[in-house]
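Asker: Take a look at the following structure, please.
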């Protein structure tokens, strides 16, 4: 007899969302997380943007899940009181040669089911954001921002309310397949190991997912995808943001380019740059995108891209906030406590 119907490795936003869904359907779920708190890995290191689904190939699972997930996420945040805002996004062409790429992105998005994009002339874009530098733009009204930490608290609370169990400071050492399920070997912070019987196992450990997949018995090596690691940095803008919407350049290899995002307090930050690394701890060759405003290779700025775009200097130097794949620093505001396993979000 199994100890659990399902063991999920990883208590980030993906693992917690799966735990919530399974627990609410009556399954006995165990979530195993090697850190002291949920949500301190790559789920805490991003732009906190609710994407509209502009870039993925039409008909792909990424396109389908992004668009469906966007609508479900807005509904969930509204129902559970998770702070969020549908602020909209401007995707900008900063030179005439990029205008055709805007048309291609719009066509791609429409083929995927995104039907609310608005093409803007330079004058129309500047009417919305007077400090913007562009020759044309696309407005995405469905793009928004969300407090990721509050989202994870809500997912954790719902999962545990449905009976899911969180095992923190516990890692998965090995997964052995059985005729009627799996045996998951775990190890706690004290070094003690446990074997758990479960109907099935879900790998949701983020950066470590390929390494964990290689520890699953009978999983062919060719089915395990390679890990491509990139490290990025964000910068905060001192003072009031010159923009009321998110501002994105043309996508670049490895990411969406250095973009300007807002948090729910209205503060602006910009990034990430892209630095390809060989391992989580050892940096490799740097491959920085080009500035959306100047087209020149990006360098560590003395003024922010937002100010560069408007031709003005920021009133104070931007503050560098590294957010790296090495998990050395979660993206939390100073003084904000980490999520604890006992936290709940009121219904």
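The values are calculated or read from the model by the stated rules, or taken from the named source; none is laboratory data. Remember, predicted model here, so these are calculated numbers, not experimental data. FYI the Cβ positions are ideal-geometry reconstructions off the backbone, even for glycines, and counts take in every protein chain you see.
Asker: Only one of 23, 79, 63 is part of a helix (DSSP H, G or I) and closer than 28 Å to residue 195 by Cβ. Can you tell me which? Please lay out each step first, then the result.
Answerer: Working: 79 fails: closer than 28 Å to residue 195 by Cβ; 63 fails: closer than 28 Å to residue 195 by Cβ.
Exactly one residue qualifies, and that residue is 23.
Asker: Restricting to region 141-166, what's the tally of residues that are farther than 21 Å from residue 83 by Cα and surrounded by fewer than 20 Cβ atoms within 10 Å (Cβ to Cβ)?
Answerer: 3
Asker: Filter region 224-240 for residues that are in a loop (DSSP other than H, G, I, E, B), surrounded by fewer than 21 Cβ atoms within 10 Å (Cβ to Cβ) and at pLDDT below 95 and give the result.
Answerer: Correct list: 225, 226, 227, 228, 238, 239, 240.
Asker: With the checklist (1) part of a helix (DSSP H, G or I); (2) over 30 Å from residue 191 (Cβ atoms) in hand, flag the one item residue 156 doesn't pass.
Answerer: Checking residue 156 against (1) part of a helix (DSSP H, G or I); (2) over 30 Å from residue 191 (Cβ atoms), the one that fails is (2).
Asker: What number of residues in region 1-37 are within 20 Å of the chain's Cα centre (by Cα) and over 20 Å from residue 211 (Cα atoms)?
Answerer: Adding up the residues that qualify gives 7.
Asker: Please verify whether residue 114 is more than 16 Å from the chain's Cα centre (by Cα), within 27 Å of residue 254 (Cβ to Cβ) and in a strand (DSSP E or B), treating the condition exactly as stated.
Answerer: So residue 114 does not fit the description; no.
Asker: Might you let me know whether region 81-103 holds any residue that is crowded, with 19+ Cβ neighbours inside 10 Å, without any contact (Cβ under 8 Å) to a residue 60 or more places away in the chain and over 14 Å from residue 139 (Cβ atoms)?
Answerer: No, region 81-103 has no match at all.
Asker: Can you tell me which of 212, 264, 207 is part of a helix (DSSP H, G or I), within 20 Å of the chain's Cα centre (by Cα) and in contact (Cβ under 8 Å) with a residue 12 or more places away in the chain?
Answerer: Result: 207 is the single residue among 212, 264, 207 that is part of a helix (DSSP H, G or I), within 20 Å of the chain's Cα centre (by Cα) and in contact (Cβ under 8 Å) with a residue 12 or more places away in the chain.
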